[in-house]
Amino acid sequence: MAFFFTLREILKNMKYDVAIIGGGPAGYTAAERAGAAGLSSILFEKNALGGVCLNEGCIPTKTLLYSAKVFDTARGASKYAVGAEQVSFDLPKMIARKNKVVKKLVAGIRMKMTAHGVITVNGEARITGYTAKGDIAVACNGETFETAHLILCTGSETVIPPIPGLSEAGYWTSREALQAKELPASIVVIGGGVVGMEFASFFSSMGAEVHVIEMLNEILPGMDKESAAMLRGEYAKRGVRFYTGHKVKAVNGESVYVEKEGGETFTIQGKKLLLSAGRRPVTQGFGLETLGVELLRNGVKTDGYMRTSLPRVYACGDITGFSMLAHTAVSEAETAVRHILGKDAAAMSYKAVPGVVYTNPEIAGVGATEEALQAAGLAYRVRKIPMTFSGRFVAENEMGNGLCKILTSENETLLGVHLVGNPASELIVIAGIAIEKGMKADELASFIYPHPSVGEILKEALG
């Protein structure tokens, strides 16, 4: 007797080794690694594969920022003895190209899932609890799925501060800004963190009047303050207006009411308002409360192997609220899957997580900052030189200065590296490897660096 089953029936009746909720960098990485290792895996994503990073964050912003960089380069071509008259840009075409890039990368993720046998379900998943056999039940699209292991990768969402008048002002978040078809004459950015600065960079390059309001005394909280101040100075020269140590009190249409430290208030006018006041983990709306997972601050608590307080339940990426970066999420997902497979692998290490701001010039850092070392009362040594000590940097960055700062311990172990200048995002990889491996200054300096390369700046700084 032959039996025939529809795909729906197969999915409904199959028990999975691993189920993943959320298809962002953590989720699709976990699904791919688990599938490649032979585990039956199912991935739930309510929107588009790639999550916020690919669809509304990392990739689309960098695509637009590269267009802005090309535009900046063309306008400054005369510095390199090249004539480029009547330089212009087409914002709708930039947006269209950005959408094309995103679509291509989403398709690539989908192909990876298929190649590794991962079942992908487009829908809003909800945990319903444990089954009688001790498995975990997840409901989606009217069906219930059972899994031995669950990995939570629900990501984060934009923080909307309770500012009077904000909801009536028609503000943008990164989602709306990435779909803009017309350039606003002026824009007020609330929040001078990474997202805020990248959009400030883009709109400034496009010719908009840009105001950046940051509640703390310096932009880019958590990054090296000297580097942040240098970047702020560079953009101030280009006309971006910064209001550090200022708090937004209210919004009324195109008017933003700001309070300075000490109580002085004034108004900033802007045709558009971009909100970039941070992100918070998504821990509600998918039945997490049915499991009773322990939380820590505003995220899910995990150990070094990304296990939550419950057996066979893991959490990776922004939901932990710890290091809310796509590359951290990928590494956490790999760690979780290795643990599920029972491999004797090292726990997750956060010693050398690079942070990059893709402005022009770029700024990047890895390891400890001076501020963190001072707060911990640790002794350290600073080596710093301008990026102009690199011949290649001088050749490619007319009038640019930049910074290479290296922090070492008393016994010369590398503690932190901070860079301002292109291509900081690529050079920081070298520094991150060195810090993760516990190298000393002379070890990093002993390598042969290609000449001429901007990477030689690390060797120069180490003397």
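Descriptive notes on the structure:
- Tally of residues being touching a strand residue (DSSP E or B) at 6+ places or on another chain (Cβ under 8 Å) and in a helix (DSSP H, G or I) across the range 49-100: 2
- Considering residues of the range 263-299 that are more than 16 Å from Ile127 (Cβ to Cβ) and among the charged types (D, E, K, R) only, the residue farthest from the chain's Cα centre (by Cα): Glu264
- Looking at Ala336, Ala364, just one residue is of a type in the set (A, V, I, L, M, F, W, C), modelled with pLDDT of 95 or more and in the same structural domain as Pro311 (by TED's automatic domain parsing), and that residue is Ala336.
- Identity of the residue in the range 331-347, surrounded by fewer than 21 Cβ atoms within 10 Å (Cβ to Cβ) and of a type outside the set (Gly, Ala, Ser), that ends up farthest from Cys153 (Cα to Cα): Asp344
- Residues considered: Gly391, Gly377, Gly432, Gly421. Of these, the only one that is small (Gly, Ala, Ser) and out of contact with any Pro (no Cβ under 6 Å at 6 or more places or on another chain) is Gly377.
- Residues satisfying the stated conditions in the range 181-199, i.e. of a type in the set (A, V, I, L, M, F, W, C) and either crowded, with 20+ Cβ neighbours inside 10 Å or farther than 27 Å from Lys100 by Cα (or both): Ile187, Val188, Val189, Ile190, Val194, Val195, Met197, Phe199
- Wholly enclosed strands (runs of 3 or more DSSP E) of the range 261-333 bearing at least 1 residues in the same structural domain as Pro184 (by TED's automatic domain parsing) and free of Cβ contacts under 8 Å to residues at least 24 places away in the same chain: 265-269
- Some residue of the range 428-441 being under 15 Å from Pro361 (Cα atoms), in contact (Cβ under 8 Å) with a residue 40 or more places away in the chain and crowded, with 21+ Cβ neighbours inside 10 Å: yes
- Residue in the range 176-192 that is part of a helix (DSSP H, G or I) and either on the phi < 0 side of the Ramachandran plot or out of contact with any Asp or Glu (no Cβ under 6 Å at 6 or more places or on another chain) (or both) present: yes
- Looking only at the range 219-253, residues that are modelled with pLDDT of 95 or more, out of contact with any helix residue (DSSP H, G or I) (no Cβ under 7 Å at 6 or more places or on another chain) and either part of a helix (DSSP H, G or I) or within 22 Å of Pro162 (Cβ to Cβ) (or both) come to 22 in all.
- Test result for Pro452, surrounded by 16 or more Cβ atoms within 10 Å (Cβ to Cβ), out of contact with any His (no Cβ under 8 Å at 6 or more places or on another chain) and not assigned by TED's automatic domain parsing to the domain that holds Ala229: no
- Assessment of the range 367-381 against the conditions (in contact (Cβ under 8 Å) with a residue 24 or more places away in the chain, in contact with a strand residue (DSSP E or B) (Cβ under 6 Å, 6 or more places away or on another chain), surrounded by 15 or more Cβ atoms within 10 Å (Cβ to Cβ) and at positive phi) yields at least one matching residue.
- In the range 37-85, the residue that is surrounded by the fewest Cβ atoms within 10 Å (Cβ to Cβ) out of those that are within 20 Å of the chain's Cα centre (by Cα) and hydroxyl-bearing (Ser, Thr, Tyr) is Tyr66.
The values are calculated or read from the model by the stated rules, or taken from the named source; none is laboratory data. A quick note: this is a predicted structure, and the numbers were derived from the prediction, not measured. Heads up, the Cβs are rebuilt from the backbone with ideal geometry, glycines too, and the neighbour counts pull from every protein chain shown.
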